[in-house]
Amino acid sequence: MINIVIDTDPGHDDIIASLVAFAHKEAFNILGFTTVCGNQTIEKVTNNILNVLNYLNLDIPVAVGAGKPLCRLPEPQPLAHGESGLDGPIFGHCDKKTLDISAVEFLYSKLKETKLTIVALAPLTNIAELLEKHPDCKDNIERIVLMGGSVYSGNIQVKSEFNIYHDPEAAKIVFNSKVPIVMAPLEVCYAGGIDLSLIERFNKNGKVSKLVYDMLSFYSLYSLNHNLKDTIIFDMTIIIYLLNPEIFTIKKYNVDIELNGEYTRGMTVCEDIKEDSIIHNPVDVLMDVDNEKLTNIFLESIDYLDKQYEEGLNQ
Ligand code: RIB
Ligand code: CA
């Protein structure tokens, strides 16, 4: 079992990634969530994780993080996640509250207590601020495992992935921090796409299945509108890596972040590791995944959670 804090901008794929983590108490001790602006404003993404935890009756702390990137303006993504950031599900009244301390101070407080893995599913603003303000905590960060970047493609610009693009200055601080990093780039997330035909199987009784169906019914519209056969649950990829690294193909690259350029803002520059490398930030980059095994882990996790709630075990 590993101690983790999930840094997140929910975000449909952030929530589904968290559901898979909830289904694996044997693997994860989730110390808390830290929120950061990205898919939507900090208020909306924080509201979304509180609503989900309230719906699932889970008592996991939430600390609020950055409301804007280090140097740039926020660029919310309503086309992918809706105006709320989690369009689709309708939640009832929620009286859950966030912690009184900031995301950075929450992370620091946990790192002073124990070693932990930071699971970064969003722009890296909080993590960069933590490393800048409290460099003494680095030794207790076992790894930063993140969904972000790309080897050659882009989803927000020609060569840039959204989480890195949204705050490239923060990403540069993180990738140059010498903290061990595992990176799930766009390419491995595409390889782990979930076939659209599977969405209907969640249209059934089951507390968690209903949530997943309501989320994917909205989130998959992007794929349907672009004539794609599957929906990409980007953030879930890195959680499944933590559960079953053996189903992934991994390559070490030196990685740094391009901050400028008409087409290259937020590009993760992946350089082969060789004697005369220019970049000296070795990163484990997930290159491919066994889609069938990833899909089965996803489906089995949701089925397991449904059963847990049916039996009243998560109350
Ligand atoms: O590019 C995909 C990433 O951007 C995911 O983390 C998604 O939630 C958005 O934050
Ligand atoms: Ca995210």
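Whether any residue in region 175-188 is more than 26 Å from residue 280 (Cβ to Cβ), within 16 Å of ligand 2 (Cβ to nearest atom) and in a loop (DSSP other than H, G, I, E, B) is what I want to check. Break it down into steps so the answer makes sense when it comes.
Of the residues in region 175-188, the ones more than 26 Å from residue 280 (Cβ to Cβ) are none.
There is no residue in region 175-188 that is more than 26 Å from residue 280 (Cβ to Cβ), within 16 Å of ligand 2 (Cβ to nearest atom) and in a loop (DSSP other than H, G, I, E, B).
Per-residue answers, yes or no, for (1) over 23 Å from residue 9 (Cβ atoms); (2) part of a strand (DSSP E or B); (3) touching a Phe, Trp or Tyr at 6+ places or on another chain (Cβ under 6 Å):
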site: 253; (1), (2), (3): yes, yes, no
site: 259; (1), (2), (3): no, no, no
site: 285; (1), (2), (3): no, yes, yes
site: 295; (1), (2), (3): yes, no, no
site: 298; (1), (2), (3): no, no, no
site: 303; (1), (2), (3): yes, no, no
site: 307; (1), (2), (3): yes, no, no
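In a residue-by-residue description of region 242-252, the property of being open to solvent by less than 70 Å² (accessible area, probe 1.4 Å), within 16 Å of ligand 1 (Cβ to nearest atom) and touching a residue at least 12 places away in the same chain (Cβ under 8 Å) applies to at least one position.
Quick one: would you say residue 235 is in contact (Cβ under 8 Å) with a residue 60 or more places away in the chain, of a type in the set (Asp, Glu) and within 16 Å of ligand 2 (Cβ to nearest atom)? Quick ask: steps written out before the conclusion?
Working: in contact (Cβ under 8 Å) with a residue 60 or more places away in the chain: yes; of a type in the set (Asp, Glu): yes; within 16 Å of ligand 2 (Cβ to nearest atom): yes.
Spelling it out, residue 235 is indeed in contact (Cβ under 8 Å) with a residue 60 or more places away in the chain, of a type in the set (Asp, Glu) and within 16 Å of ligand 2 (Cβ to nearest atom).
Regarding region 117-124, can at least one residue be identified that is at pLDDT 95 or above and open to solvent by 10 Å² or more (accessible area, probe 1.4 Å)? For region 117-124, residues at pLDDT 95 or above and open to solvent by 10 Å² or more (accessible area, probe 1.4 Å): absent. For region 213-231, the tally of residues that are more than 14 Å from ligand 1 (Cβ to nearest atom) and outside any helix (DSSP H, G or I) stands at 6.
In this structure, does residue 234 turn out to be at pLDDT 95 or above, open to solvent by 30 Å² or more (accessible area, probe 1.4 Å) and part of a loop (DSSP other than H, G, I, E, B)? Before the answer, list the steps.
Values: at pLDDT 95 or above: yes; open to solvent by 30 Å² or more (accessible area, probe 1.4 Å): yes; part of a loop (DSSP other than H, G, I, E, B): yes.
Yes: the conditions hold for residue 234.
Looking at 209, 277, 220, which is the one that is free of Cβ contacts under 8 Å to residues at least 40 places away in the same chain and over 29 Å from residue 143 (Cβ atoms)? Write out each step before concluding.
Details: 209 fails: free of Cβ contacts under 8 Å to residues at least 40 places away in the same chain; 277 fails: over 29 Å from residue 143 (Cβ atoms).
Only one candidate qualifies: 220.
Consider region 77-103 and keep the residues that are touching a Ser or Thr at 6+ places or on another chain (Cβ under 8 Å) and of a type outside the set (Gly, Ala, Ser). The one that is nearest to ligand 2 (Cβ to nearest atom) is 98.
What number of residues within region 102-123 are part of a loop (DSSP other than H, G, I, E, B) and farther than 12 Å from residue 31 by Cα?
Keep residues of region 102-123 that are part of a loop (DSSP other than H, G, I, E, B), which gives 102, 114-115, 121-123.
Among the residues that remain, those that are also farther than 12 Å from residue 31 by Cα are: 102, 121-123.
Total satisfying the criteria: 4.
For beta carbons closer than 8 Å, sequence separation of 6+ or different chains, a first residue in region 7-19 that is within 20 Å of residue 143 (Cα to Cα) and a second that is within 8 Å of ligand 1 (Cβ to nearest atom) and in a helix (DSSP H, G or I), the qualifying pairs are 8/14. Looking only at residues of region 33-64 that are among the charged types (D, E, K, R) and free of Cβ contacts under 8 Å to residues at least 40 places away in the same chain, we find that the one that is nearest to ligand 2 (Cβ to nearest atom) is 43. Which one of the conditions (1) without any contact (Cβ under 8 Å) to a residue 60 or more places away in the chain; (2) open to solvent by 10 Å² or more (accessible area, probe 1.4 Å); (3) touching a helix residue (DSSP H, G or I) at 6+ places or on another chain (Cβ under 6 Å) does residue 130 fail to meet, given that it meets all the rest? Failed condition: (2). Residues in region 186-195 that are out of contact with any Leu (no Cβ under 7 Å at 6 or more places or on another chain) and either open to solvent by 10 Å² or more (accessible area, probe 1.4 Å) or closer than 18 Å to residue 119 by Cα (or both): 186, 187, 189, 190, 191, 195. Inspect all residues belonging to region 169-187 and state whether any of them is on the phi < 0 side of the Ramachandran plot, among the hydroxyl-bearing types (Ser, Thr, Tyr), within 16 Å of ligand 1 (Cβ to nearest atom) and modelled with pLDDT of 95 or more. No: region 169-187 contains no residue that is on the phi < 0 side of the Ramachandran plot, among the hydroxyl-bearing types (Ser, Thr, Tyr), within 16 Å of ligand 1 (Cβ to nearest atom) and modelled with pLDDT of 95 or more. Restricting attention to region 152-174 and to residues that are part of a loop (DSSP other than H, G, I, E, B), in contact with an Asp or Glu (Cβ under 7 Å, 6 or more places away or on another chain) and open to solvent by less than 40 Å² (accessible area, probe 1.4 Å), the residue that is farthest from residue 106 (Cα to Cα) turns out to be 153.
The values are calculated or read from the model by the stated rules, or taken from the named source; none is laboratory data. What you see is a predicted model, and the numbers here were worked out from it, not measured in a lab. Note that we place each Cβ from the backbone using ideal geometry, even for glycine, and neighbour counts take in every protein chain shown. Just so you know, the surface numbers come from the protein's heavy atoms only, side chains and all, with ligands and any DNA or RNA stripped out. Shrake-Rupley method; radii C 1.70, N 1.55, O 1.52, S 1.80 Å.
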